[in-house]
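Notes follow the structure.
Derivation of every value follows stated rules applied to the coordinates shown; laboratory data play no part. For clarity, every value in this text was computed on a predicted model and none was experimentally measured. We place every Cβ from the backbone using ideal geometry, glycine too, and count neighbours over all the protein chains shown.
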Amino acid sequence: MTAFVCAEPPEVGPKFMAASRLALQVSRQWTDREQLRVRFLSGTPELHHYVALAVDGPHGWNACSAMQFVFSDEKDSEIRISFDSGSSWSQVGTDALWVPVKQATMNLAIRLEDAGAHIDRPIHHEFGHALGFIHGHQNPYLGPLDEPAVYAWYRSRGYPEWWTKANVLERLPLDDVSAIGGAIPSVMNYHIPRDLWLDGKAPEPSDYPTYWDAYAAETWYGAPPERYTSILFPIAGRG
Ligand SMILES: [Zn+2]
């Protein structure tokens with residue numbers, strides 16, 4: 001099988017509002033466990049601490065659903081993270097199980113010196129993939145993109161056509177996607193200029209899981225642990 005791997009392009013342009021649907025790929029959803037062990041293959045203790053706090057904090061994915069990322073030294077941990085330079089990427093959902101245990105299932109091309117939104121977004125975006133979320137802009141329910149213009153736009157930024165096709169243009173089959181409807185700003189959306197969307201509706205990206213990301217995660221994996229319900233979570237608005 002062909003593994004789908006996300007690579008995150010650099011952030012560009014202002015944020016755009018649009019109709020979008022956060023989508024989970026049904027065939028890559030975790031269905032047989034309620035926690036995912038996360039092991040670091042490289043990086044400093046300080047970087048590990050930063051990533052763990054982002055994921056386990058009130059604005060991270062652990063506050064969104066019952067599926068919990070648990071940081072572990074166990075060799076067969078489902079999620080294994082490297083910190084190589086270049087681009088950030090992750091296997092989507094259960095595809096991580098196909099990766100040999102000595103190899104990473106996720107790469108975070110981040111440095112602690114850039115702490116803040118610049119490194120928070122790649123963390124939350126790639127952990128969203130680890131849960132099984134696809135890119136919001138690759139949801140088959142969205143309107144069409146101007147393909148020649150998209151290829152040209154990403155080519156001018158150094159991305160080859162195969163990358164643009166796999167990470168921007170390809171849509172998943174309807175029967176393999178579970179989507180939450182509505183206009184959904186999401187951490188799983190890329191920053192794609194509005195004029196590349198033929199219907200003018202560009203999905204709005206986010207640096208953190210949004211209310212709708214949290215709603216979708218809870219829908220698919222169940223309610224988050226009680227310890228999060230007393231935290232003021234301005235994005236999710238949970239009582
Ligand atoms: Zn991605």
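Out of 164, 220, 136, whose Cα points farthest toward the positive end of the dipole of segment 7-223 (charges: +1 Lys, Arg; -1 Asp, Glu; placed on Cβ)?
Most positive-ward Cα: 164.
Taking neighbour Cβ counts within 10 Å as the exposure measure, how do 188, 67, 106 sort from fewest upward?
Numbers: 188 31, 67 22, 106 25.
Ordered by Cβ neighbours within 10 Å, fewest first: 67, 106, 188.
With contacts defined as alpha carbon pairs under 8 Å and 6 or more residues apart, what's the relative contact order of the chain in percent?
31
Using R₀ = 25 Å, calculate the FRET efficiency as 1/(1 + (r/R₀)^6) where r is the Cβ-Cβ separation of residue 33 and residue 174; round to 0.05.
Values: r = 27 Å, r/R0 = 1.07.
Efficiency, rounded to the nearest 0.05: 0.40.
Give me the tail of P(r) for the chain as a percent: Cα-Cα pairs with distance above 28 Å.
26
To the nearest 20 Debye, how big is the dipole of the chain about its Cα centre, given +1 on the beta carbon of each Lys and Arg and -1 on that of each Asp and Glu?
80
Give me the distance between the Cα centres of segment 151-175 and segment 50-111, rounded to whole Å.
Their Cα centres are 24 Å away from one another.
Measure off 7 Å from each Cα along the Cα-to-Cβ vector at residue 99 and residue 155, then give the distance between these two points in nanometres to one decimal.
Using points 7 Å along Cα→Cβ, the separation is 3.1 nm.
Among all the aspartates and glutamates, which ones have a C-alpha under 20 Å from residue 75's C-alpha, if same-chain residues fewer than 8 places away are not counted?
Reachable aspartates and glutamates: 32, 34, 84, 95.
Could you list 153, 162 in order of exposure, starting from the residue whose Cβ has the fewest other Cβ atoms within 10 Å?
Ascending number of Cβ neighbours within 10 Å: 162, 153.
When 31, 210 are ordered from fewest to most other Cβ atoms inside 10 Å of their Cβ, what list results?
With the sparsest Cβ surroundings first, the list reads 31, 210.
Taking H as built 1.01 Å from N, whose amide H comes closer than 5 Å to the amide H of residue 190, not counting residues under 5 places away?
136, 137
Name the residues whose placed amide hydrogens come within less than 5 Å of the amide hydrogen of residue 37, ignoring near sequence neighbours (fewer than 5 apart) on the same chain.
The answer is 70, 78, 79.
Return the percentage of antiparallel bridges among DSSP beta bridges fully within the chain, rounded to the nearest 5 %.
On the way: 11 of 21 bridges.
Close to 50 percent.
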